[in-house]
Amino acid sequence: MRSRLRVTADEVPFSVMHSFHYRDGELFCEEVRLAQAAEEFGTPLYLYSAATILDHYHRLDRALHEIDHLISYAVKANSNGAILKLLSNAGAGFDIVSGGELFRVLRAGGDPGRCTFAGVGKTPEEMGYALEQRVYCLNVESEGELERIEEIADAKNIRAPVALRINPDVQAHTHEYVSTGSEENKFGITLADAPRLYARAAQMRHIDLRGVQMHIGSQITAAAPFAEAIRKVTPLARELKEKYGIEFLSIGGGLGIVYERSIASGERAWWAEGHQLSIQEYADAILPELRGLGLRILLEPGRLLVGNAGVLLTRVLYLKESGRKRFAVVDAGMNDLIRPALYGSYHEIVPVEQPSTEQRSEIDIVGPVCESGDFLARDREMPPVAAGDLLAVMSTGAYGFTMASNYNSRLLPAEALVDGNCVRLIRRRQTWQDLVCGETDC
């Protein structure tokens, strides 16, 4: 019998909806047993739900139906080609931050004319590549970058479409490492400097002013910062439309997802309560500021689309005790998922075999990397676990594999995509030979 883990969209925050559920005592993704995927592809394994990704994309698209808009997926969240192809086929554009991300989008069949190129440190080679591929826009972060784009476009005898990224100086109330919209951050151009730089750009022979862009941060769980930033930038957008005929306003991404209590057994609640921002609350907050603006609105969600769509499967290697501490040593480490070590991030961790008891006790879930910071959870209340058990680290579809590394010369994990009752490998596990590929003899 299937546990009651799926509820209507009106009952839970938008960002928690996903296709992971217990059935007959086992954790499923859509119609696939997670244990089956682990048996077929091994662990550690990143596994994603196609249905969840598309569901989140279409929900956001429908919520903004009354305004002209384009959802530009933030590739940095999860850049696997199969996911890019899935979103491209659904109609998404792409927010890219490197030449490599543009290459990935093109390889997956994405349209460069629906790509915006962001980032504070684009190299001349990357900008030249983007212009040659005819991206929709380059988002300019500094006066020096604007000058360099003009030089590159001049040398290629083409015109470069640009938007200036505006820093609205809004506190996003998120982790300091993912806050991007205050004057203390490295991103963007101040509102005070923007009119002068737009006027200068308008005089450049090889620059086309296409829009204005902003982004205030990531994993934001309140509507007020989004609305405040839009209110601060829309007067400038109206002025730029009148003076220079710009086409779009990009309002960035950053809408947070549920990480705590994303899934649980039996009839227990499975979403974080009381503090998560629903998609409707987000839309209600921003739409009044955008109606009647007469510009296309670009959005740049990443985590929102893929975060809850992925899990990291890991197997318990050993149990150990040290004084009063208990540890479960698993085969996934900080090189596979760095967010807990880097940000102190919380990820729900659940057994793939549904617990038969409500009993819980504290345990640290730690990896094999030679660092004391190599942990997935500390002092976590968990049901009984044993060596050999499979665990699912939830909500790892965003900034999981994309931030993985070969630290300790550990192999990068495999990735798999579930679509209904089918699961397929979308990235093979590295081999030891892959570790030294590209190295030269001493």
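The values are calculated or read from the model by the stated rules, or taken from the named source; none is laboratory data. Bear in mind the structure is a predicted one, so any value in this text is a computation, not a measurement. Cβ placement follows ideal geometry from the backbone for every residue including glycine, while neighbour counts extend to all protein chains displayed.
So is residue 116 polar (S, T, N, Q) and closer than 18 Å to residue 166 by Cβ or not?
yes
Listed here are the residues, each with its yes/no results for (1) of a type outside the set (Val, Ile, Thr); (2) over 21 Å from residue 253 (Cβ atoms); (3) at pLDDT below 95.
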site: 268; (1), (2), (3): yes, yes, yes
site: 284; (1), (2), (3): yes, no, yes
site: 297; (1), (2), (3): no, no, no
site: 303; (1), (2), (3): yes, no, yes
site: 309; (1), (2), (3): yes, no, no
site: 312; (1), (2), (3): yes, yes, no
site: 315; (1), (2), (3): yes, yes, no
site: 355; (1), (2), (3): yes, yes, yes
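Show the residue pairs meeting these rules: Cβ distance below 6 Å; 6+ apart or different chains; first residue within segment 301-324 and farther than 17 Å from residue 417 by Cβ; second residue surrounded by fewer than 24 Cβ atoms within 10 Å (Cβ to Cβ) and aromatic (Phe, Trp, Tyr).
Within 6 Å, the pairs are 320/327.
Here is a yes/no grid of residues against (1) crowded, with 16+ Cβ neighbours inside 10 Å; (2) without any contact (Cβ under 8 Å) to a residue 12 or more places away in the chain; (3) under 19 Å from residue 38 (Cα atoms); (4) not acidic (Asp, Glu):
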| residue | (1), (2), (3), (4) |
| --- | --- |
| 355 | yes, no, yes, yes |
| 377 | yes, no, no, yes |
| 391 | yes, no, yes, yes |
| 394 | yes, no, yes, yes |
| 401 | yes, no, yes, yes |
| 408 | no, no, no, yes |
| 429 | yes, no, yes, yes |
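Residues 230, 257: which one is touching a Ser or Thr at 6+ places or on another chain (Cβ under 6 Å), aliphatic (A, V, I, L, M) and crowded, with 22+ Cβ neighbours inside 10 Å?
257
crowded, with 19+ Cβ neighbours inside 10 Å, part of a strand (DSSP E or B), touching a Lys or Arg at 6+ places or on another chain (Cβ under 8 Å) and modelled with pLDDT of 95 or more: which single residue out of 47, 84, 70 fits that description?
That would be 70, the only listed residue that is crowded, with 19+ Cβ neighbours inside 10 Å, part of a strand (DSSP E or B), touching a Lys or Arg at 6+ places or on another chain (Cβ under 8 Å) and modelled with pLDDT of 95 or more.
Quick one: how many residues across segment 367-421 are closer than 13 Å to residue 43 by Cβ and acidic (Asp, Glu)?
So the answer is 2.
If residue 342 passes every condition in (1) surrounded by 14 or more Cβ atoms within 10 Å (Cβ to Cβ); (2) at pLDDT 95 or above; (3) among the aliphatic types (A, V, I, L, M) but one, which one does it miss?
Single failed check for residue 342: (2).
Being outside any helix (DSSP H, G or I), of a type in the set (Lys, Arg) and surrounded by fewer than 17 Cβ atoms within 10 Å (Cβ to Cβ) is the filter here, so list the residues in segment 191-210 that pass it.
Correct list: 205 only.
Inspect segment 136-157 for any residue being more than 18 Å from residue 250 (Cα to Cα), in a loop (DSSP other than H, G, I, E, B), modelled with pLDDT of 95 or more and touching a helix residue (DSSP H, G or I) at 6+ places or on another chain (Cβ under 6 Å) and give the result as yes or no.
no
In segment 211-227, what residues are more than 19 Å from the chain's Cα centre (by Cα) and crowded, with 23+ Cβ neighbours inside 10 Å?
Selection gives 211, 212.
Give just the number: which of (1) within 17 Å of residue 146 (Cα to Cα); (2) modelled with pLDDT of 95 or more; (3) part of a loop (DSSP other than H, G, I, E, B) does residue 121 not satisfy?
(2)
Residue 386 fails exactly one of the following numbered conditions: (1) surrounded by 15 or more Cβ atoms within 10 Å (Cβ to Cβ); (2) aliphatic (A, V, I, L, M); (3) touching a Leu at 6+ places or on another chain (Cβ under 8 Å). What is the number of that condition?
Checking residue 386 against (1) surrounded by 15 or more Cβ atoms within 10 Å (Cβ to Cβ); (2) aliphatic (A, V, I, L, M); (3) touching a Leu at 6+ places or on another chain (Cβ under 8 Å), the one that fails is (1).
Would you point out which residue out of 80, 89 is within 23 Å of residue 422 (Cα to Cα), in contact with a Phe, Trp or Tyr (Cβ under 9 Å, 6 or more places away or on another chain) and not charged (D, E, K, R)?
On inspection, the qualifying residue turns out to be 80.
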